[in-house]
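Peer 1: One structure follows; several queries about it will come next.
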Amino acid sequence: MQTRHSMAELNTLSAGDFVRVTGPVFEGPPWIARDISGRRPFAGRDELLGALCDTVRNAPDNKKLALIRAHPDLAGRAALAGALTAESSGEQAAAGLNNLTPDEMALFQKQNDAYRRKFDFPFIICARLNKKEAILEGFARRLQNSREQEIRAALEEIFKIAGLRLRDLIEE
């Protein structure tokens, strides 16, 4: 279990420690946390989340896509190989993705592949807020979207994930 921090503590950490502690709220390199570290102090978790999400929203498209692509496939190869971050592993387990039948695993692989072929990035949904059936329904529904719609949808799901991870990280 990760260490929980108070908002006051996060506000007084060195820039490097702030990035080390809050960087894993998002998958991939911690550029988002680094970009906001100088804007402290934050009044609370919601203000911090807002700053993090605004940083992503205002980032160039290539950085947004890199953030999306840093996420693993749901029940994908990284999960099977045990190569997920601790956060992703726990989130996928919460959705029941660590106990799939062989047929369900094959269906997830098929959906992951179809989604990647169409959009060139992984399907992202906040696993902690969904179970495997809802995730499979999400694949079917969202495969009908345009690429632009899916970039927006993926970022909104990433923001939900970040909010839950911040809730785990910060005592309030």
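Each reported figure results from applying straightforward, stated rules to the coordinates on display, with no laboratory input. Bear in mind that the values here come from a model prediction, so they are computed numbers and not experimental data. Methodologically, a virtual Cβ is constructed for each residue, glycine included, from the backbone with ideal geometry; neighbour enumeration extends over all protein chains shown.
Peer 1: Once fully extended, how much extra length lies between Ala114 and Thr12, figured as 0.36 nm per residue of separation less the alpha-carbon to alpha-carbon distance?
Peer 2: 32.2 nm
Peer 1: Provide the three semi-axes, in whole Å and in decreasing order, of the ellipsoid equivalent to segment 113-172 as defined by the square roots of 5 times the Cα gyration tensor eigenvalues.
Peer 2: 24, 13, 8
Peer 1: Between Asp168 and Ala70, what length in nm is gained on full extension when 0.36 nm per residue of separation is reduced by their alpha carbon distance?
Peer 2: Values: separation 98, 0.36 × 98 = 35.28 nm, distance 2.08 nm.
The span from Asp168 to Ala70 would gain 33.2 nm if fully extended.
Peer 1: May I ask you to compute the full-extension gain from Asn98 to Arg34, defined as 0.36 nm times their residue separation minus their alpha-carbon distance, rounded to one decimal in nm?
Peer 2: Gain on stretching Asn98 to Arg34: 19.8 nm.
Peer 1: Tell me the mean residue ellipticity at 222 nm calculated for the chain from its helices only (DSSP H runs of n ≥ 4, each -39500 (n - 2.57), averaged over every residue, nearest 500).
Peer 2: -19000 deg cm²/dmol
Peer 1: Which of the residue pairs Lys131/Lys160; Lys110/Lys132; Lys132/Lys160; Lys63/Lys132 have a Cα-Cα distance greater than 19 Å in the structure shown?
Peer 2: Lys63/Lys132
Peer 1: Then there's this: Note down the Stokes-Einstein diffusion coefficient of the chain in µm²/s, whole number, using a Kirkwood radius over alpha carbon pairs, 4 °C, and 1.567 mPa s.
Peer 2: Reported coefficient: 77 µm²/s.
Peer 1: Out of Gly38, Gly96, Thr55, whose Cα points farthest toward the positive end of the dipole of the chain (charges: +1 Lys, Arg; -1 Asp, Glu; placed on Cβ)?
Peer 2: With unit charges placed on the Cβ atoms, the residue in question is Thr55.
Peer 1: Taking amide hydrogens as modeled 1.01 Å from N in the peptide plane, which residues meet the under 5 Å criterion relative to Ile170, leaving out close sequence neighbours?
Peer 2: For Ile170, whose amide H was placed from the backbone, the distant partners under 5 Å are His5.
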